[in-house]
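Trainee: Here's a structure for you.
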Amino acid sequence: MNYAEIKLCDIANGVGVRTTLFVSGCRHHCPGCFNPEAQEFSYGKPFTQQVEDEIIESLSPAYVQGLTLLGGEPMEPENQRVLLPFLRRIRETHPTKTIWLYSGFTWEQLAQGPSRGCVDVTPELLGLLDVLVDGPFVLEKKNISLRFRGSENQRLIDVPTTLSTGTVTWWKDEPIFSSHEW
């Protein structure tokens, strides 16, 4: 797998300060895609053990809330197979950090199939996520006032609750700090 970019101290793609990994490769080709160069699987640099280690180290400071995966498309089958062992490591080394993932696939396509994004490793990978921002970017539904998503069809899914109840549950935005911490 290749990656297009890594952002440290990102505040745009999930709650709090995050490390963000933009993977390469996407077959959706959504009109108006904000990252069209990352649609090519060969774009960027190889995702090596050293890169993985650097990302895991970047999650160490207490002020870093977690990791966000974008693309490209993290849920392309070949990307899932690389990301699964990486996310297992993050859960082992940083169990309190949150993991967000943006996908052009919907929850239903990933969790229930059949779709290109629902493969043998998908259930375990979904089980490692806290929030899934699902659905393709739809240019006609673009709305720049939405928090953490680009078009109105996209959902912010609370993955643990959705998995435990069997009903798609929207993520509820909660403040990072309570008022007494200020």
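Trainee: Residues being part of a loop (DSSP other than H, G, I, E, B), within 14 Å of the chain's Cα centre (by Cα) and of a type in the set (K, R): count how many of those fall in the stretch 121-171.
Mentor: Looking only at that region, the number is 1.
Trainee: Here's a follow-up. Is there any pair linking a residue in the stretch 21-40 that is at pLDDT 95 or above to one that is among the polar types (S, T, N, Q) and not in a loop (DSSP other than H, G, I, E, B), with Cβ under 7 Å and at least six apart or on different chains, and which?
Mentor: V23/N79; S24/N2; G25/N79; C26/Q39
Trainee: Hey, another quick one. Tell me, which residue of the stretch 103-116 that is surrounded by 20 or more Cβ atoms within 10 Å (Cβ to Cβ) and out of contact with any Pro (no Cβ under 7 Å at 6 or more places or on another chain) is farthest from L163 (Cα to Cα)? Don't jump to the end; show me each part of the working.
Mentor: Within the stretch 103-116, the subset surrounded by 20 or more Cβ atoms within 10 Å (Cβ to Cβ) is 103-106, 110-111.
After this cut, where a residue has to be out of contact with any Pro (no Cβ under 7 Å at 6 or more places or on another chain) as well, the list is 105-106, 110-111.
Numbers: F105: 17, T106: 14, L110: 12, A111: 9 Å.
It comes out as F105.
Trainee: Oh, and also: Taking the stretch 1-45 as the search range and keeping residues that are of a type in the set (F, W, Y) and crowded, with 16+ Cβ neighbours inside 10 Å, which one is nearest to Y63 (Cα to Cα)?
Mentor: Step one: filter the stretch 1-45 for residues of a type in the set (F, W, Y), giving 3, 22, 34, 41, 43.
Still in the list and also crowded, with 16+ Cβ neighbours inside 10 Å: 3, 22, 41, 43.
Values: Y3: 24, F22: 21, F41: 32, Y43: 31 Å.
Per the criteria, the residue is F22.
Trainee: Could you give every pair whose Cβ atoms fall below 6 Å, whose first residue belongs to the stretch 131-148 and is among the β-branched types (V, I, T), and whose second residue is assigned to a loop (DSSP other than H, G, I, E, B), counting only separations of at least 6 or pairs across chains?
Mentor: Pairs found: V131/W171; V133/R149; V133/Q154; V138/N153.
Trainee: Shifting gears a bit: Does S103 count as of a type in the set (G, A, S) and out of contact with any strand residue (DSSP E or B) (no Cβ under 7 Å at 6 or more places or on another chain)? First the steps, then the outcome.
Mentor: Working: of a type in the set (G, A, S): yes; out of contact with any strand residue (DSSP E or B) (no Cβ under 7 Å at 6 or more places or on another chain): no.
No, not satisfied.
The values are calculated or read from the model by the stated rules, or taken from the named source; none is laboratory data. Predicted model, so just to flag it, every value in this text is computed and none were measured. In this analysis, Cβ positions are derived from the backbone assuming ideal geometry, glycine residues included, and neighbour counts consider all displayed protein chains.
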